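The values are calculated or read from the model by the stated rules, or taken from the named source; none is laboratory data. Note that this is a predicted model, so its numbers are computed, not measured. Reconstructed Cβ throughout: ideal geometry from the backbone, glycine too, with neighbour counts over all protein chains shown. Each accessible area value is taken on the protein alone, full model and side chains, heavy atoms only, with ligands, DNA and RNA left out. Shrake-Rupley method; radii C 1.70, N 1.55, O 1.52, S 1.80 Å.
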Amino acid sequence: MNIQKTIFYVIGGTLLLTACSLDREPETAISGAGVIIDESTAETVLVGSYDATQSFVGSQIVAFNSASDNVIGFGSAGASVPLLTASGSGGGYNQYYSAINQVNQLIADIPGLNDGLFTGNSKNTKLAEAYFLRALAYFGLARTYGGVPLVFTPSSSGHSADGIKRSSYAETLALVESDLNQAEALFDKSLPTRARASIWAVYALKARLYLYQERWDKAEEYATKVLENTSFALTTEVRDWYENALSTDAIFELVFTTADKNPIYTYYLPASLGGRIDYAPSREVIQLLLDEKVSGKRKQLLAQMSDNSEQYVVQQYNKTDGTSSFPVLRLEEQYLIRAEARVQQGKLTTAVEDINVLRKRAGVELLSAGGKSSKDLLLVLELERRLELAFDGHRYNDIIRTGRAAEVFGEINEVYKDSRYWVFPIPWTAIAADSDLEQNPGY
């Protein structure tokens, strides 16, 4: 299929997401030292941190999906891989720091609390959750913008990163690892809660981190920790994991309710179902997902628009009551991480076994390792990730981190032949507010 080489511009893709499905009202404004005085106030601020996490994850999903060749702006028929601009605040920059500010308050206050009822496992668990959420936020920032200011002190002003110079990408990922190490040491190994962070979410995020750092042995090790836990299992049908909240393949999922709706669901729904369909699957990914031999059951990620038989919509965020979850960490990705790590270590047979677990569920022909090189299997994995994680927000970074953006994205938009554009621009509003914040080169 010929991909239409049209460029469209993202002018501020940030969403303001405020829904929270936990069990108490969140604390979204930090008033300064002393706000956390006992277990109850710690829980309130922690719920606010999950609420803020929903905000940046929603922005991340929309930004990464629309920046890739899997999703297009609905009004830009056929256009994909846009030229990003610093206008607006695309990517959720400020939302990340709002979440970081709240977890910094937890990390600062919880260790010093002397509440006799807030001790032991409960105290450790809340602190571990805070470290995990901070790691998730900084990992998202690094994947979006490269190195960013690293903030450790909570602020009551709402401008916690002002005046702090940007750290490098490597330094930012080093903080992510440090925070995950802290969380791993504090969590117990109880069964996954799925809707909140756990030791298993730490293992899964570590596996993703090590994949990005090309530490293949560690990526394999941590993905295996998750995959060996029999509490997790692939759903029978592809649609089961997005139709049923907290399904057996969920490691960490942000859940919404009819009272606190997923704020991006209208972006993917057609008007006939109460949406505004800002974004739709690209022509190429529709063709791939509908190909029975290539995708099999993964076509369930699409739905046909009732008023146009040739147009499809993204299905996984399309519950009309707003209760579609954000799949932050799920089992399918762990199989793909381990497979890629194994290929990179020359373990081709076991890598193919991991790929075939997903292909079997999808109902497509199983692969054989015979006659395939590591390069062959890496391209197979690139396609498997494109299909299996189609609208989770991974495709953009998969092409960037593997160094294939010039070849894959550059074919559609020539600007991607220049590696300076392999990161998002810092929003101009953040640059204008902080004279110490430097823009990414090229923007």
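Here's the yes/no breakdown for (1) over 20 Å from ARG385 (Cα atoms); (2) of a type in the set (Gly, Ala, Ser); (3) surrounded by fewer than 22 Cβ atoms within 10 Å (Cβ to Cβ):
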residue	(1), (2), (3)
GLU221	no, no, yes
SER231	yes, yes, yes
VAL238	no, no, no
ASN244	yes, no, yes
ILE251	no, no, no
ASP260	yes, no, yes
TYR267	yes, no, no
GLN304	yes, no, yes
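List pairs: first in segment 356-382 and without any contact (Cβ under 8 Å) to a residue 24 or more places away in the chain, second surrounded by 16 or more Cβ atoms within 10 Å (Cβ to Cβ) and charged (D, E, K, R), Cβ under 6 Å, 6+ apart or cross-chain?
Pairs found: LEU366/ARG359.
Can you pull out the residues in segment 389-422 that are at negative phi, assigned to a loop (DSSP other than H, G, I, E, B) and open to solvent by 40 Å² or more (accessible area, probe 1.4 Å)? It would help to see each step written out before you state the result.
From segment 389-422, those at negative phi are 389-392, 394-402, 404-422; that's our starting set.
From what's left, assigned to a loop (DSSP other than H, G, I, E, B): 389-392, 394, 402, 404, 409-413, 418, 422.
Matches in segment 389-422: THR402, ARG404, GLU411, ASP418, TRP422.
How about segment 317-374: which of its residues are under 22 Å from the mean Cα position of the chain (by Cα) and on the phi > 0 side of the Ramachandran plot? Explain how you work it out, then say what you get.
To start, the set of residues in segment 317-374 that are under 22 Å from the mean Cα position of the chain (by Cα) comprises 317-319, 322-341, 354-355, 358.
The answer is GLY322, and nothing else.
Residues ARG338, ARG386, ARG361, ARG342: which one is of a type outside the set (A, V, I, L, M, F, W, C), closer than 28 Å to LEU273 by Cα and assigned to a helix (DSSP H, G or I)? Please lay out each step first, then the result.
Numbers: ARG338 fails: closer than 28 Å to LEU273 by Cα; ARG361 fails: closer than 28 Å to LEU273 by Cα; ARG342 fails: closer than 28 Å to LEU273 by Cα.
Criteria check complete, one pass: ARG386.
Restricting attention to segment 344-403, which residues are under 25 Å from ARG239 (Cα atoms), in contact with a Phe, Trp or Tyr (Cβ under 8 Å, 6 or more places away or on another chain) and of a type in the set (Val, Ile, Thr)?
Hits for segment 344-403 are ILE355, VAL357.
Starting from residues that are open to solvent by 30 Å² or more (accessible area, probe 1.4 Å) and outside any helix (DSSP H, G or I), keep the ones in segment 102-146 and report whichever is nearest to ARG196 (Cα to Cα).
The selected residue is THR119.
From the list LEU227, LEU186, exactly one residue is buried (at least 18 other Cβ atoms within 10 Å of the Cβ) and more than 27 Å from VAL343 (Cα to Cα). Which is it? Step through it out loud before you land on a result.
On the way: LEU227 fails: more than 27 Å from VAL343 (Cα to Cα).
Answer to the selection: LEU186.
Which of the numbered conditions does PRO425 fail, given that it passes all the others? Conditions: (1) in contact (Cβ under 8 Å) with a residue 40 or more places away in the chain; (2) more than 30 Å from LEU331 (Cβ to Cβ); (3) open to solvent by 10 Å² or more (accessible area, probe 1.4 Å); (4) not in a helix (DSSP H, G or I).
All conditions pass for PRO425, except number (3).
Search segment 60-80 for residues being of a type outside the set (A, V, I, L, M, F, W, C), in a helix (DSSP H, G or I) and modelled with pLDDT of 95 or more, and hand back the single one that is farthest from LEU290 (Cα to Cα). Quick ask: steps written out before the conclusion?
Taking segment 60-80 as the starting set, the residues that turn out to be of a type outside the set (A, V, I, L, M, F, W, C) are 60, 65-66, 68-70, 73, 75-76, 78, 80.
Next, from what is left, pick out any that are in a helix (DSSP H, G or I): 60, 65-66.
Going one step further and asking which of them are modelled with pLDDT of 95 or more, we end up with 60, 65.
Details: GLN60: 26, ASN65: 19 Å.
Step by step, filter segment 60-80, then rank; the result is GLN60.
Looking at this structure, is LEU83 at pLDDT below 95 and either touching a helix residue (DSSP H, G or I) at 6+ places or on another chain (Cβ under 8 Å) or closer than 28 Å to LYS123 by Cβ (or both)? It would help to see each step written out before you state the result.
On the way: at pLDDT below 95: yes; either touching a helix residue (DSSP H, G or I) at 6+ places or on another chain (Cβ under 8 Å) or closer than 28 Å to LYS123 by Cβ (or both): yes.
Spelling it out, LEU83 is indeed at pLDDT below 95 and either touching a helix residue (DSSP H, G or I) at 6+ places or on another chain (Cβ under 8 Å) or closer than 28 Å to LYS123 by Cβ (or both).
If I filter segment 227-238 for residues that are aliphatic (A, V, I, L, M) and closer than 26 Å to GLU43 by Cβ, do I get at least one hit? Break it down into steps so the answer makes sense when it comes.
Taking segment 227-238 and keeping what is aliphatic (A, V, I, L, M), we get 227, 233-234, 238.
With the extra rule that they be closer than 26 Å to GLU43 by Cβ, the set shrinks to none.
No, because not a single residue in segment 227-238 is aliphatic (A, V, I, L, M) and closer than 26 Å to GLU43 by Cβ.
Name every residue in segment 331-346 that is free of Cβ contacts under 8 Å to residues at least 40 places away in the same chain and open to solvent by 40 Å² or more (accessible area, probe 1.4 Å), in order of residue number.
The one that is free of Cβ contacts under 8 Å to residues at least 40 places away in the same chain and open to solvent by 40 Å² or more (accessible area, probe 1.4 Å): GLY346.
Could you tell me whether GLU382 is under 20 Å from SER282 (Cβ atoms) and open to solvent by 30 Å² or more (accessible area, probe 1.4 Å)? Steps first, please.
On the way: under 20 Å from SER282 (Cβ atoms): yes; open to solvent by 30 Å² or more (accessible area, probe 1.4 Å): yes.
So GLU382 fits the description; yes.
List the helices (runs of 4 or more DSSP H) inside segment 166-259, counting only whole elements, that have at least 2 residues being in contact with a Pro (Cβ under 8 Å, 6 or more places away or on another chain), closer than 28 Å to SER324 by Cα and not charged (D, E, K, R). Talk me through it step by step, then tell me what you get.
On the way: elements: 169-186, 199-212, 216-227, 238-243.
Result: 199-212, 238-243.
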